[in-house]
Protein chains: 4
Amino acid sequence: MHAREMISTHPHVRGNTNDALIHCIEECYDCAQTCTTCADACLGEPMVAELVQCIRLNMDCADVCAATGAVATRRSGSNEAVIRAMLEACATACRLCAEECEAHATMHEHCRICAEACRSCEDACRKAMQSMSH
Amino acid sequence: MHAREMISTHPHVRGNTNDALIHCIEECYDCAQTCTTCADACLGEPMVAELVQCIRLNMDCADVCAATGAVATRRSGSNEAVIRAMLEACATACRLCAEECEAHATMHEHCRICAEACRSCEDACRKAMQSMSH
Amino acid sequence: MHAREMISTHPHVRGNTNDALIHCIEECYDCAQTCTTCADACLGEPMVAELVQCIRLNMDCADVCAATGAVATRRSGSNEAVIRAMLEACATACRLCAEECEAHATMHEHCRICAEACRSCEDACRKAMQSMSH
Amino acid sequence: MHAREMISTHPHVRGNTNDALIHCIEECYDCAQTCTTCADACLGEPMVAELVQCIRLNMDCADVCAATGAVATRRSGSNEAVIRAMLEACATACRLCAEECEAHATMHEHCRICAEACRSCEDACRKAMQSMSH
């Protein structure tokens with residue numbers, strides 16, 4: 001992704017990038033795509049009825065990650081309260097989706113990979129929140 | 001919108017709709033559209049340089065409202081924690097966008113209407129949060 | 001929705017609204033919400049395995065409608081080619097989703113209503129395309 | 001991104017990935033993020049009034065790329081018509097955004113990088129369309 005290269009050219013950012021936030025933005029876009037794939041892959045499994053809750057959490061997580069990635073990209077100081085609230089919501093969505101995917105990880109490789117992506121994004125959201133508090 | 005009619009046919013909801021949540025979903029989709037219009041209208045004003053922060057908050061608010069509307073639509077009990085966190089984030093985004101738009105309301109009619117839509121959506125998010133706590 | 005009221009205050013639009021496009025924008029946001037509900041309602045049905053294709057088309061249609069609504073809202077002359085291409089894609093997504101939902105309409109009330117919403121949005125997209133050609 | 005790894009585990013795809021489509025999905029998510037950054041960076045420039053059309057095209061391109069990436073991820077045969085229409089719309093949005101960004105590329109580094117990302121995504125959309133025709 002071009003996230004780091006692009007954000008470093010932002011007139012308000014030059015020479016003062018927040019690496020934790022940039023990493024989090026990349027994780028959010030990645031996790032949105034991963035969860036969208038996992039939902040569709042779950043829909044393709046013969047035992048789809050057992051994966052209904054997983055599909056719902058995948059879709060919620062994809063929507064929250066996409067919005068969080070966009071809001072965090074639009075970094076501009078005075079909307080810090082929105083970024084913080086979205087990072088909090090995103091960490092929650094990622095945690096719940098990871099827990100559900102982990103329950104299916106031995107059966108479905110897409111759930112195993114998706115759980116890892118969600119845990120990684122949850123962690124990146126928490127580190128980005130910390131980076132904004134000082 | 002078909003929100004109420006559609007949600008009342010959901011197999012998990014039948015005969016037990018949460019009116020505050022359904023109203024909130026309608027407000028979220030409406031506010032997303034209103035903020036997207038306000039951002040574009042601000043971009044068309046001769047004094048666009050004075051409206052930069054308004055445009056950014058419009059875009060953040062539109063993204064958060066759209067995601068909140070989708071997540072709240074996908075109501076399914078076990079993702080209540082995600083809905084709650086998004087309602088909280090959405091109330092914050094709406095409040096900040098309303099405050100900024102109110103500062104331009106006497107100059108720009110689109111900011112006046114957008115501020116009202118944001119206050120209305122903020123209120124609907126708070127009532128939906130309350131409706132989910134009992 | 002505030003679409004008509006808001007767009008009429010846009011500095012580039014004042015006194016010269018395109019009613020077919022405004023109606024289409026409202027239909028797009030409505031159809032996005034309706035399809036998101038139908039996908040979740042289908043996931044809640046005991047025979048979910050028979051509704052997999054319906055769920056996928058619901059999700060595609062919701063994504064395309066949401067993007068089309070936003071792009072059409074951001075009306076500004078020089079992006080007409082993007083609006084046109086999205087109206088075309090949206091009419092296609094709505095038609096395919098409607099056809100699939102119609103096949104389940106006698107069994108599932110949410111599919112019946114969703115099919116109607118998709119047909120209505122498809123029609124609005126076609127009329128908006130015509131309104132932009134003269 | 002996990003796109004390739006995830007899609008290769010999809011039950012309908014196993015052992016038969018469409019590399020051009022997967023590359024296109026990655027480009028769409030990347031371009032959505034890049035255009036969102038470019039819009040915000042343009043809003044931060046002192047000469048924002050000269051960049052209004054660039055900001056609008058950035059936002060349109062971001063919305064279209066995000067929807068195209070999601071729809072293309074939800075690959076399932078029978079929605080090929082939707083994927084095709086969205087790839088067409090996405091190539092158009094990327095081309096127009098690239099042309100506008102190129103006009104500012106010598107003045108603004110973010111526009112130069114964004115133009116490259118848009119050209120790359122446009123190219124990936126066209127190759128994905130070709131890959132689906134045989």
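Here, each number is a calculation from the coordinates, and none is a lab measurement. Quick caveat, the model's predicted, so the values are computed rather than measured. In this analysis, Cβ positions are derived from the backbone assuming ideal geometry, glycine residues included, and neighbour counts consider all displayed protein chains.
Electrostatic tally near A:Ala103: other residues with Cβ closer than 13 Å to its Cβ, Lys and Arg +1, Asp and Glu -1, net -3. Taking every DSSP helix (H) stretch of at least 4 residues in chain B, weighting each as -39,500 (n - 2.57) and dividing the sum by the residue count yields a mean residue ellipticity at 222 nm of -25000 deg cm²/dmol.
Report, please, the projected area of the protein assembly as shown averaged over directions, based on the convex hull of its C-alpha atoms, in nm².
Values: hull surface 87.3 nm².
For the protein assembly as shown, averaging the hull's shadow over all directions gives 21.8 nm².
Simple rule: put +1 on each Lys or Arg Cβ and -1 on each Asp or Glu Cβ in region C:9-107, find the dipole, and look at C:Met107, C:Cys24, C:Cys42; the Cα lying farthest toward the positive end is C:Cys24.
Chain C has one residue whose beta-carbon comes closest to the axis relating it to chain B; that residue and its distance in whole Å are C:Tyr29, 3.
Inter-copy label distances at C:Glu116, shortest first and taken from points set 7 Å along Cα to Cβ: 3.0, 4.8, 5.3 nm. Under the convention that each Lys and Arg Cβ holds +1 and each Asp and Glu Cβ holds -1, the size of the dipole of region D:1-111 around its Cα centre is about 620 debye. Taking a Cβ cut-off of under 9 Å around C:Met129, the surrounding Lys, Arg, Asp and Glu residues balance to a net charge of +2, with basic ones at +1 and acidic ones at -1. Among residues other than A:Ala20 whose Cβ falls under 10 Å from its Cβ, what is the net charge (Lys/Arg +1, Asp/Glu -1)? That sum, taken over residues with Cβ under 10 Å, equals +1. Of B:Thr37, B:Thr9, A:Thr68, the sequence from fewest to most neighbouring Cβ atoms within 10 angstrom is B:Thr9, B:Thr37, A:Thr68. Sorting the segments D:98-111, C:19-32 by their mean number of nearby beta carbons within 10 angstrom, highest to lowest, gives C:19-32, D:98-111. Each of A:Arg4, B:Arg84 was scored by other Cβ atoms within 10 Å of its Cβ. Listed from fewest to most, they are A:Arg4, B:Arg84. Our note on the geometry: Cα centres of region C:1-51 and region D:61-120, 23 Å apart.
Seen from every direction in turn and averaged, the convex hull around the alpha carbons of region C:28-134 projects onto 5.9 nm².
Per residue of A:27-33, count partner chain C-beta atoms within 10 Å of its C-beta, then hand back the mean as an integer.
Mean number of neighbouring Cβ atoms from other chains: 5.
Over all Cα pairs of region D:11-56, how is the pair count split among 10 Å bins, expressed in % and running from 0 up to the last occupied bin? Answer for region D:11-56: a P(r) of 24, 31, 20, 15, 9, 1 percent. Each of B:His10, D:His12, D:His2 has some number of other Cβ atoms within 10 Å of its Cβ, and from fewest to most they run D:His12, D:His2, B:His10. Couplings 3J(HN,Hα) of region B:33-49, computed from phi: 5, 4, 5, 5, 5, 4, 4, 6, 5, 4, 4, x, 7, x, 9, 4, 4 Hz, in residue order, whole Hz [Karplus 6.51 cos²θ - 1.76 cosθ + 1.60, θ = phi - 60°; x for Gly and Pro].
Plainly put, the tip 7 Å out from Cα toward Cβ on C:Asp19 is 3.4, 5.5, 6.0 nm from that tip on each other copy, the closest given first.
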